Each structure stands twice: as structure tokens, then as C-alpha cells.
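The values are calculated or read from the model by the stated rules, or taken from the named source; none is laboratory data. Keep in mind it's a predicted model, so treat the numbers as computed, not measured. Here the Cβ positions follow ideal geometry from the backbone for every residue, glycine too, while neighbour counts run over all protein chains shown. The accessibility values were calculated without ligands, DNA or RNA, using every heavy atom of the protein model including side chains. Shrake-Rupley method; radii C 1.70, N 1.55, O 1.52, S 1.80 Å.
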Amino acid sequence: MYHNRMSIKRSLFFSNFRMLLISLGAFVLSARIVMFLVYGVWRPNPEAVAAIHETYTRDMHMAMTILLIALFVIVVSIVNNIVTHRMTQRIVKPLEPLNEGVRQIHANNLAYRIDYKGIDEFRPVCEAFDGMAARLEASTAQQKKNEAARRELIAGISHDLRTPLTSIKGYIEGIETGVASTPEMKEEYFAIVKNKTADLEHIIEQLFLFSKLEMDDFSLNLRCVDISAAIYDIIEDSLYEYASRGLGIKFTEKHESVYVSADVLMLRNVIINILENSVKYKTKEQGQMEISIAVEKDFVLMRLTDDGPGVQPEMLPKLFDVFFRTDPSRNKKGSGLGLAINAKIIERMGGSIHAELPANEGLTIAIKLPRMQEGAY
């Protein structure tokens with residue numbers, strides 16, 4: 001790679017200075033050469049010059065002057081060509097790695113970087129080129145990731161909508177063809193159709209919410225919320241419902257007057273999604289969900305830990321991907337959108353969410369929300 005320790009501006013300055021010195025030197029040298037060739041004198045003195053003036057005619061003086069000028073022009077032209085060539089190389093050579101970089105990017109080698117060592121005006125250009133290439137590489141990678149996620153989203157939507165629709169179609173055909181021949185069977189079939197329709201409605205609502213969050217077309221009502229009081233109210237409203245479905249809820253720590261920035265309705269949606277997952281995937285007849293909060297300087301950490309089957313460690317970062325399930329058997333349960341929606345909501349609240357494996361068994365969903373002073377909004 002091309003190396004240089006001097007800027008082009010300084011190089012031009014010194015080149016012009018050298019040209020001036022060389023031109024003066026060329027003039028003096030040409031004059032002495034002419035004096036030597038014409039008069040036979042290398043170091044003329046006043047007496048020699050006076051003698052020359054007496055000896056030679058005006059025509060000889062004219063010839064000497066023309067020869068002097070010709071020699072001067074020849075010397076200056078040679079020097080100018082040499083200096084111009086060197087300066088051209090100083091400008092053209094740094095363009096070679098830039099041209100190679102353009103060719104590499106055009107060939108879709110987005111990982112190519114210019115290792116330019118020079119300290120001149122081309123250095124920031126090369127650095128800007130590398131920055132552009134890095135952004136282009138990241139953008140292309142993100143685009144591929146988005147395309148893969150979009151394909152997965154379409155496949156997931158098709159699967160999750162097809163399953164209840166197939167069931168509804170089957171039970172309706174059973175009623176039409178007389179398979180449900182008794183009033184009791186018809187009532188049972190209608191109840192199943194009603195439940196499957198509710199499942200469809202829930203999936204569509206989840207998809208609608210996720211798409212609005214994805215497009216930033218959903219306004220959150222953020223305000224200063226006492227997180228302990230908010231969690232306590234959510235648990236109190238849901239305690240008996242989930243107990244009847246085999247999930248006990250325990251709030252282990254309750255801090256007084258700990259405030260965060262949150263949308264209470266969306267926070268409730270997040271917690272209910274996590275509770276629903278625990279109910280769907282629990283392996284014990286009576287599962288347990290433990291909720292705790294820890295107060296830090298700038299944020300509040302909320303942990304929701306169940307005693308279910310948990311997941312493999314390598315699956316933890318993928319839990320919040322759209323339509324991700326940890327194993328094929330879970331395709332029969334849920335839409336796969338709940339945790340993805342949770343991640344979008346918490347991010348919009350200025351927080352973060354991730355999954356952890358507790359010491360014994362189960363799964364922990366950890367949520368960080370920015371801490372605030374009371375009355376901040």
C-alpha cells in the first residue's frame with residue numbers, strides 16, 4: 001500500500017520552492033556554460049568582460065544571449081518534467097487503492113477495507129470510504145436478516161392461521177354432514193368453533209399490534225409509574241384466574257415509591273404475555289411464577305421466573321424472535337408473537353428485556369426499565 005508522510009499541499013510548496021532554486025541555479029549554470037563556450041571564460045571578472053566587449057561584435061553578443069536563453073529553457077523544461085512527474089505520482093498512486101476499493105465493492109466484496117498509511121489529504125478520503133463500506137456491509141447484512149425474518153413471519157402467520165381455520169372448517173363440516181347428530185354434540189362442536197374463532201381473533205390482534213410496533217405507528221402513553229404498585233395491581237387482578245389454570249403467582253419484593261417510565265397498559269400486556277407462556281408450557285400440575293424487582297441507580301430490574309421446562313442455553317437470544325419456538329412440539333401452542341411483542345414494547349419504553357436460566361429449573365425473563373423521579377412527567 002502507498003506510504004507517505006507529507007501532505008500534498010506541503011509537497012506542492014516545496015516543489016515550487018525547489019523549482020525556484022533550480023531555475024536560478026540553471027540560469028547561473030547556463031550563463032557560465034555560454035561564457036565558457038563562447039569566450040573561453042569560466043569565472044569571468046570585470047577585466048575579462050571588458051576585454052570581451054572590445055573583442056566581439058554585437059552579433060556575437062546576440063548569439064550568446066540566444067544560446068543562454070536556449071540552455072536556460074532546456075534545463076528548466078527538464079527539471080519541470082521531473083518535478084511534474086514526481087508530483088503526478090504523488091497524486092496518482094494514492095488513487096490506486098481507492099480505485100481497487102471501488103472495484104471490490106462493485107464485485108460485492110463489502111468486507112474490503114483500504115489500508116492507507118499515508119498522512120495527507122487522501123487519508124480522510126480513504127477513511128470515509130472504509131466507513132461507507134462498513135455501513136453498506138451492515139446495511140446489506142441487516143437487509144438479508146430482515147428478508148429472512150419476513151419469510152419466517154409469512155410462514156409463521158400461514159401456520160398459525162391455518163391451524164384454527166382447519167379446525168373450524170372440520171367442525172362446521174361435521175355439523176353440516178350430520179356427524180354431530182345430537183344436540184349435545186352440536187353444542188360441543190359450536191363451543192369448539194367459538195374457541196377456535198377466539199384463537200384466530202387473538203392471533204390477528206397480536207399481528208396487528210406487532211406490525212404497528214414494528215412500523216413505529218403505535219404511541220405509548222409513557223408516564224411516571226410506581227412499578228411496585230403497578231405489578232401488585234396486575235397480580236391482584238390475575239391471581240385467581242391463573243391459579244385456576246394451574247399457575248401460582250408470588251411477588252417476593254415490594255419496594256415503596258420506586259418510579260419508572262412506562263405505559264401501564266402495555267406493561268400489563270408484557271406481564272400477561274409472560275404469564276400465558278408459563279401456563280402453556282408448564283410441565284407440573286401446579287406451576288409457580290415468582291416476580292421480583294431490584295432497584296439500581298438508573299434503572300429497575302424486574303425478574304419473572306417460572307419453574308417450567310426452561311430452554312437450552314443457546315436458545316436464549318432467539319426467544320424474542322418472531323414466531324420462534326424452542327422445539328417442534330411447541331408449534332401446537334401459542335402464536336410465537338408474545339415475547340417478540342414484549343421486546344418491542346420494552347424497547348419503546350426505553351428499557352431492555354432478555355432471558356436467563358435460573359439456578360434450579362425454569363426460565364427467567366428479566367426486564368430493565370429506566371428509573372425516574374416522582375412527578376417527572
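Key figures
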{"read-out": "Residue in the range 215-232 that is under 23 Å from residue 364 (Cβ atoms), surrounded by fewer than 19 Cβ atoms within 10 Å (Cβ to Cβ) and without any contact (Cβ under 8 Å) to a residue 24 or more places away in the chain present", "value": "yes"}
{"read-out": "Scope the range 205-262; condition among the acidic types (Asp, Glu) and in contact with a Phe, Trp or Tyr (Cβ under 9 Å, 6 or more places away or on another chain); matching residues", "value": "226"}
{"read-out": "Filter result for the condition that a residue is open to solvent by 80 Å² or more (accessible area, probe 1.4 Å) and hydroxyl-bearing (Ser, Thr, Tyr), over 177, 163, 197", "value": "177"}
{"read-out": "Residue in the range 307-330 that is at pLDDT 85 or above, farther than 28 Å from residue 151 by Cα and open to solvent by less than 50 Å² (accessible area, probe 1.4 Å) present", "value": "yes"}
{"read-out": "Close pairs (8 angstrom Cβ cut-off, 6 or more residues apart or separate chains): farther than 18 Å from residue 340 by Cα in the range 131-156, assigned to a helix (DSSP H, G or I) and not hydrophobic (A, V, I, L, M, F, W, C) anywhere", "value": "133/101"}
{"read-out": "Tally, over the range 187-209, of residues that are at pLDDT below 80 and of a type in the set (A, V, I, L, M)", "value": "3"}
{"read-out": "Residue check for residue 280: farther than 27 Å from residue 310 by Cβ and open to solvent by 50 Å² or more (accessible area, probe 1.4 Å)", "value": "no"}
{"read-out": "Residue within the range 213-226 that is in a helix (DSSP H, G or I) and closer than 28 Å to residue 348 by Cα present", "value": "yes"}
{"read-out": "Selection from the range 331-361 of residues that are polar (S, T, N, Q), part of a loop (DSSP other than H, G, I, E, B) and modelled with pLDDT of 75 or more", "value": "360"}
{"read-out": "When residues of the range 92-122 are limited to those that are open to solvent by 50 Å² or more (accessible area, probe 1.4 Å) and acidic (Asp, Glu), the one modelled with the highest pLDDT", "value": "100"}
{"read-out": "Residues of the range 356-374 that turn out to be open to solvent by less than 60 Å² (accessible area, probe 1.4 Å) and either within 22 Å of the chain's Cα centre (by Cα) or closer than 27 Å to residue 221 by Cβ (or both), as a count", "value": "6"}
{"read-out": "Single residue of the range 239-277 satisfying the filter (hydroxyl-bearing (Ser, Thr, Tyr) and over 39 Å from the mean Cα position of the chain (by Cα)) that is surrounded by the most Cβ atoms within 10 Å (Cβ to Cβ)", "value": "242"}
{"read-out": "Residue match in the range 221-230 (condition: at positive phi and acidic (Asp, Glu))", "value": "no"}
{"read-out": "Only listed residue being open to solvent by less than 40 Å² (accessible area, probe 1.4 Å) and not polar (S, T, N, Q), chosen from 157, 204, 172, 168", "value": "168"}
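Residues are listed down the side, and each one gets a yes or a no for (1) assigned to a loop (DSSP other than H, G, I, E, B); (2) farther than 30 Å from residue 318 by Cα; (3) in contact with a strand residue (DSSP E or B) (Cβ under 9 Å, 6 or more places away or on another chain); (4) among the hydrophobic types (A, V, I, L, M, F, W, C):
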site: 102; (1), (2), (3), (4): no, yes, no, yes
site: 113; (1), (2), (3), (4): yes, yes, no, no
site: 126; (1), (2), (3), (4): no, yes, no, yes
site: 141; (1), (2), (3), (4): no, no, no, yes
